[in-house]
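The values are calculated or read from the model by the stated rules, or taken from the named source; none is laboratory data. From a predicted model like this one, the values you see are computed outputs, not experimental measurements. Counting neighbours? That spans all protein chains shown, and the Cβs are built from the backbone with ideal geometry, glycine included. Protein only, heavy atoms only, side chains kept; ligands, DNA and RNA dropped before computing areas. Shrake-Rupley method; radii C 1.70, N 1.55, O 1.52, S 1.80 Å.
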Amino acid sequence: MNEKALRILEYDKIIEQLMTHASSEMGKELCKKLQPSTNLVEIEVAQEQTKDALTRVYQYGSLSFAGLTNITASLKRLEVQASLCARELLDIARILEITNNAKQYSNREDDRDGYDSLDGMFNELIAMTPLLLDIRRCIIAEDEISDDASAALKQVRRKIHQTNQRVHGQLASIVNSSSNKNMLQDSLITMRNGRYCIPVKAEYRSSFPGMIHDQSSTGSTLFIEPMSVVQLNNALKELEIEEQAEIERVLTALSEQVAIVSEDLQYNIELLAKLDFIFAKAKYAKSYDGSEPQFNTEGIIDIKQGRHPLLEKKKVVPINVTLGDEFDMLIVTGPNTGGKTVSLKTVGLFSLMGQSGLHIPAFQGSRLTIFDHIFADIGDEQSIEQNLSTFSSHMTNIVSILEAATDQSLVLLDELCGGTDPIEGAALAISILTDLLNRGVHTMATTHYSELKMFALSTPGIENACCEFDVETLSPTYHLLVGIPGKSNAFAISQKLGLAPMIIEHANSQIDDSVQDFESLLADLEKSKRTIEEEQEQIYHYKKEIEELKANLQKKQDDIKEKRAKMLQEAREEAYNIISEAKEVADEAIKKYNSWGKHPEQKNTKRMEHKRSDLRGRMNKLEKDMAYRGKKSKVRHTKEDFSIGDSVFVSSLNLNGEVVTLPNAKGDLYVQMGMMRSLVNIKDLEILKSAKEIKKEEQRENSKARNKGRTSVNKAAHISPEINLLGLTVSEATAKLDKYLDDAYLANLSQVRVIHGKGTGALRKGIHQYLRKVKYVTNFHLAEFGEGDMGVTIVSFK
């Protein structure tokens, strides 16, 4: 790709912004080396990876690769059987933790998400948990090796501790002796040259046989190692040497374990660096709401609502640009500072970003094509050193562009052939554009020459465009209007700025009538297109609103159908139960009648009559249960009792509703019952709540909501962003953590730190098991290296 075009289009600034989203130095280095590709397969793969990473970021949050360092030098040392230091082993442990985190991140809970282009890389990562656990068990910090690193080390340190106690015991007896107090400068034990000593006054030197290791600056104090502890100090030195030797053996053993998996470790590092690079592209795309461009081989560019990525997102005005479909050349005209150059750079920069696998800040469905080279002549290239004027400098650049451009190139020309005689400049510009057009080169150029507007109108394959300008406010709108040539608006701007009307009229008379007619036609065309676009925008919004209303109506209809089906099912079940009960009663009665019929005595006759009466009563009850009867209103109301907004019960329909009109002379009024609006007489209504009561309840609810908000603010001012659970059992810690998380969530804190320490890991495991059950916790993870590491868990709320 043309290096000059990359610089002019500020591709380097895009790379700088991309690098800020990479977590590791290795990822930043890959971002720094990113260059546009001309291979369609490579571009589509890179775009798909960016899209899949962006999808994961939106669904599961971003994946951090902080702490990923290049350990190639350390691995090279292992090849010659050298041992690694604690710092290097900790770097390897951090890489192994990043590997485990990445594999855990890739294990998506919902299998319906399907396979994406990143699954292969995540699956190829090799977890080395045993090695990680060994390093973390043995090395606490860069300058601290754990006692549990080996049994021998633990035993040596126990001996060191015991010897230290014996040395301190003997020295303490000397220092604390009442007979020695006057002979000692201070009642303390100090260390000189790695040996324990006591400070003795110089005049009492002979009273303390031993070795002198130092003296004070005045010579009044001697630091003596008493003979009674010389042997112990010697033993202590020997133990310290033995301890260091054992530490070296531990580091050597760990280095040997790393050497065995060095190739897998190197492969993991390369994969993690690439994933960091891909997720940096995704996070960068998220920062400017980017979308994946659709690439084609037909040479078509179709940018929808594109925003220049280096301009402020909230202020930049989106543009729509097409090129390569109906026309291969676009000539943009309009006043200065109107956005012509920004439009040029946007098209060029979008092509560079797209071919680099980056998403572009435009609407979904935007299309780009692949260019072998992008050439740009933008800005003032005047060179005093080479004795070139502005025109000469531009022309030198254009000559080189004409020599190198092909039908697979994109050429961007700003103020083509400006800085010279207008007549000659316009003629030269037309000739250059004709040559590019005949060669099929995709070209976008800006100009002030009216001749180029006429050239575009009369030449197939070329289209006019303009940057809209508001004459009333004397400011550009930055909208790009394709299909309409622009006006310079020199007269209108001059008149607004206060130039005498007489001068403007005289200037206007110097212009040919055909030119004036052409400029007026341009103004009418621009106005008409603006009106059409505004109407299209309104139609789009109306259409969107209609679709939303249609969807809401369909949803309500579906709800009604569902409720109706549910009511029918319940009614069928109730009817079935009633019929089943009636059948059981009838069967029982038939059995008894048959039994009594065999012995027609007076006593049985009475029992039959009693049973028949009982059956009749139960049948009447069942009939009442099966029959629907609306409840009659127990209260009689007058027309004056009703107000709009009253909550009422409609007895005949067994429904609640709201009064929407006042009663007429007959006492009829309209009641809204859900989606149904019906005319009901006041005799059929019972007032549940008046409109005034409803209003008071709403005011009370609003007051409660405001008080709740103040409570949340007060709580947020006093709740700590971290909780210390060190020294607690799992049950004690979870009970304390439960209340703290509730308070923090109610205080609207987005994230808190839970300090549980490293220890055996039991407390951390118990806390993590508890956090998985808390519904308002979105995610949690261990703190980064240097911020608490495995001793702190970061918890994020919904």
Gain on full stretching of the segment that runs from Lys181 to Arg439 - 0.36 nm per residue minus C-alpha separation: 82.4 nm
For region 653-695 versus region 208-254, the gap between their alpha-carbon centres in whole angstrom: 98
Which of Tyr284, Tyr449, Tyr745, Tyr542 is most accessible, then next, and so on - probe 1.4 Å: Tyr542, Tyr745, Tyr449, Tyr284
Region 294-361: C-alpha gyration tensor shape, a/c 1.5 cut-off, then a/b vs b/c: oblate
Förster-model FRET efficiency, 51 Å R0, Met567 and Asp147, C-beta, rounded to 0.05: 0.10
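What's the local net charge at Ser216, with K and R +1, D and E -1, over the other residues with C-beta under 14 Å away?
0
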Euclidean distance of C-alpha centroids, region 255-282 and region 70-111, integer Å: 7
Computed E for Lys32/Ser431 - FRET, C-beta separation, R0 35 angstrom, nearest 0.05: 0.25
Residues of region 225-244 with amide N under 19 Å of the 7 Å Cα→Cβ point at Thr190: 225-227, 229-230
With 5 Å bins from 0: P(r) over region 1-158, alpha-carbon pairs, percent: 1, 7, 11, 15, 16, 13, 12, 9, 7, 4, 2, 1, 1, 0
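Which net charge results for the neighbourhood of Tyr770, defined as the other residues with beta-carbon distances under 15 angstrom from its beta-carbon, given Lys and Arg at +1 and Asp and Glu at -1?
+4
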Charge tally in the Cβ shell below 13 Å around Met567, where Lys, Arg are +1 and Asp, Glu are -1, Met567 excluded: 0
Linear extension gain, Ser678 paired with Ala735, 0.36 nm per residue minus alpha-carbon span: 14.9 nm
For region 209-264, accessible area per residue (1.4 Å probe, heavy atoms of protein chains only), Å²: 54
Accessible area in the full protein assembly, largest first, 1.4 Å probe, for Arg677, Arg307, Arg439: Arg677, Arg439, Arg307
Solvent accessible area, Å² - Lys556, 1.4 Å probe, full protein context: 100
Segment Lys639-Thr477, length gained on full extension (0.36 nm per residue, minus Cα span): 52.3 nm
Pairwise FRET efficiency - Glu701 versus Tyr115, Cβ, R0 = 56 Å, nearest 0.05: 0.70
Within the accessible area of region 641-689 (1.4 Å probe), percent carbon and sulfur: 53
Solvent accessible area, Å² - Asp668, 1.4 Å probe, full protein context: 40
Probe 1.4 Å, accessible area per residue of region 332-466, Å²: 38
Accessible area in square angstrom per residue, region 1-88, 1.4 angstrom probe: 52
Hypothetical label at Val57: residues of region 30-50 whose amide nitrogen lies under 13 Å (7 Å Cα-Cβ projection): 49-50
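Please say if region 730-789 is rounded, prolate or oblate, where rounded means a/c under 1.5 for a ≥ b ≥ c the square roots of the C-alpha gyration tensor eigenvalues, and otherwise the choice is prolate for a/b larger than b/c and oblate otherwise? Display every interim value, and only then the final one.
Values: a/c = 1.83, a/b = 1.26, b/c = 1.46.
Oblate, because a/c is 1.5 or more while a/b does not exceed b/c.
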Cα gyration tensor shape for region 223-351, rounded if a/c is under 1.5, else prolate or oblate: prolate
Accessible area of Ser146 in the full protein assembly, 1.4 Å probe (Å², nearest 10): 10
Positive dipole terminus of region 756-798, leading residue within Val792, Gly757, Val777 (C-beta point charges): Val777
Sulfur and carbon atoms: percent of accessible area, region 48-182 [1.4 Å]: 46
